[in-house]
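Notes to accompany the following structure.
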Amino acid sequence: MRALTWHARRDVRVDTVPDPEIVDPTDIIVRVTSTGVCGSDLHLYEVLGPYLSPGDILGHEPMGIVEEVGPQVTRLAPGDRVVVPFNVSCGTCWMCSRGLHSQCETTQNRERGMGASLFGYTKLYGQVPGGQAELLRVPFGDNLPVKVPHGPPDQRFVYLSDVLPTAWQAVEYADIPPGGSVTVLGLGPIGDMAARIALHRGASQVIGVDRVPERLSRARSRGVHTLDLREHGQKLGDAVRDLTDGRGTDSVIDAVGMEAHGSPVASAGQRLVGLLPDALAQPLMDNAGIDRMAALYAAIDIARRGGTISISGVYGGSLDPMPMMTIFDKQLRLHMGQANVHRWVEEILPLLNEEDTLGVENFATHELPLEEGPQAYRTFQAKEDGMVKTLLKPGT
């Protein structure tokens, strides 16, 4: 089959690799029809190379048609249409039964001290082959895939794999009071969708911050009050307070994470580590890694006293400096973590209706053949061509 594979920093390729096979009796094989390129994939493209091996298959946002099922799978059959959550979760352990699928005890990476395995996401999370491929082996066939109806286009359902539950959890964790306010930092796919969900769930004021004109325009068209980071820069907090009676918003969602702009020292350090051999780079990142923290520092500044910060952007540093005095003095609450996909599916599914409440069918800005995946990564990383969300289409 054809699959998008990692080879080095900023070097991903579409290669011919062996087809996946049924390994465990509860496995299924899915023929992928759509698979997203995620902002988290750019962390692999740019920063997290020391935790990858050449030939690793990337991608964690797939959906498709069941091709084959293992002998113990009873809830699915060949021909069924499914979305595959990015958490590799068993659905039955102590953590999964409490809605913490990203901490699944069956697939936890204990030797690394990390949570549940993820499709297509580094040695830290199990080095599981990902979904930017023509075929995907999916374990826990009766519990992990989300069965969806035939008929509507893939765009109606594919974001159940990551974007929708991650954005939904970001809003849930933000704990926006009824009729309250929230600032969303970063209007990429997760931030954009989080802003839509916050409005849907009753926030009276949603402020979106980015530096890319197309992203700002897109959010503005959905009723978000946008602020251009290029214009406000270090005075972003003042701009938000001007809109909120001098207090700041009740909640802030950091949908940026480790690759924030405005952190030149950490940025240089990340580039340097990316050039080291893995034997040197991995211990350095494990024990002395520092993220670009500009977005999180901005969130701490913007949130009103007694407010909540929800972090959905990925951070990977082990020595990130935190302004603890400010966090303590402002009585801020921080809530964060990988999305627990299955925890939110039942709440989201009713919104994927004919009215398309959240605008999912037009959410993708680009649809490309899988073979154009490497160019999609380059364009997305450079924030060019108005690219916000790309779906790759294997087999086209």
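Here's how it looks for T226: its modeled amide H is under 5 Å from those of G208, which are all 5 or more places away or on a different chain.
A simple count of charges around P189, restricted to other residues whose Cβ falls under 9 Å of its Cβ and scoring Lys, Arg +1 and Asp, Glu -1, yields -1. In this structure the amide hydrogen of G130, modeled in the peptide plane, comes within under 5 Å of the amide hydrogens of I57, L58, G120, none closer than 5 places in sequence on its chain.
With the whole protein complex present, Y297 retains an accessible surface near 90 Å², based on a 1.4 Å probe. Over segment 138-261, Cα pairs under 8 Å with separation of 6+ residues give a relative contact order of 26 percent. Report, to the nearest 10°, how far helix 163-174 tilts away from the longest principal axis of the Cα atoms in the chain, using its own Cα long axis and a range of 0 to 90°. Helix 163-174 sits at roughly 40 degrees to that axis. Pairs from the list K235/K383; K330/K383; K235/K330; K147/K389 with a Cα-Cα gap above 26 Å: K330/K383. Using +1 at the Cβ of each Lys and Arg and -1 at the Cβ of each Asp and Glu in the chain, identify which of I65, G307, M258 lies farthest towards the dipole's positive end. Ranked along the dipole, the leading option is G307.
Taking other residues whose beta carbon is less than 11 angstrom from the beta carbon of K235, and scoring Lys, Arg as +1 and Asp, Glu as -1, yields -3.
Backbone phi angles across segment 140-145, fed through the Karplus curve with coefficients 6.51, -1.76 and 1.60 (θ = phi - 60°), yield HN-Hα couplings of 6, x, 7, 10, 8, x Hz in residue order; Gly and Pro are listed as x.
Rounded to the nearest Å, what's the spacing between the alpha carbon centres of segment 319-396 and segment 15-55? Just the number, please. Measuring centre to centre over Cα atoms gives 17 Å. The distance separating the Cα centre of segment 184-204 from that of segment 70-145 comes to 27 Å. Projecting the Cα positions of G237, P25, G113 onto the charge dipole of the chain (unit charges on Cβ atoms of Lys, Arg, Asp and Glu, taken about the Cα centre) puts G237 furthest along the positive direction. Just check segment 57-131 against the gyration tensor rule for me: Cα atoms, a ≥ b ≥ c as the square roots of the eigenvalues, rounded for a/c under 1.5, and otherwise prolate or oblate depending on whether a/b exceeds b/c. Judged from the Cα gyration tensor, segment 57-131 comes out oblate (a/c at least 1.5, b/c at or above a/b).
Charged side chains reduced to their Cβ positions (Lys and Arg at +1, Asp and Glu at -1) give segment 1-81 a dipole of some 240 debye around its Cα centre.
Here Cα Rg over 2.2 N^0.38 Å was computed from the coordinates, and among (i) 0.94; (ii) 1.12; (iii) 1.04 the match is (i).
Once each of the GluC sites (Glu not before Pro) sitting in a DSSP loop with at most 15 other beta-carbon atoms within 10 Å is removed, the chain keeps 22-353 as its longest stretch.
Each residue of segment 218-233 was assigned a 3J(HN,Hα) from its phi angle through the Karplus expression (A = 6.51, B = -1.76, C = 1.60, θ = phi - 60°), giving 4, 5, 4, 5, 9, x, 8, 7, 9, 10, 8, 4, 5, 7, 9, x Hz with x at Gly and Pro. Projecting the Cα positions of M387, F328, L199 onto the charge dipole of the chain (unit charges on Cβ atoms of Lys, Arg, Asp and Glu, taken about the Cα centre) puts F328 furthest along the positive direction.
Answer rounded, prolate or oblate for segment 1-111, using the Cα gyration tensor with square roots of eigenvalues a ≥ b ≥ c: rounded when a/c is under 1.5, else prolate when a/b is larger than b/c, else oblate. Oblate.
The values are calculated or read from the model by the stated rules, or taken from the named source; none is laboratory data. It should be emphasised that the depicted structure is a prediction, and the values quoted were computed from it without experimental measurement. FYI the Cβ positions are ideal-geometry reconstructions off the backbone, even for glycines, and counts take in every protein chain you see. Heads up: the accessible areas ignore ligands, DNA and RNA and are worked out on the full protein's heavy atoms, side chains in. Shrake-Rupley method; radii C 1.70, N 1.55, O 1.52, S 1.80 Å.
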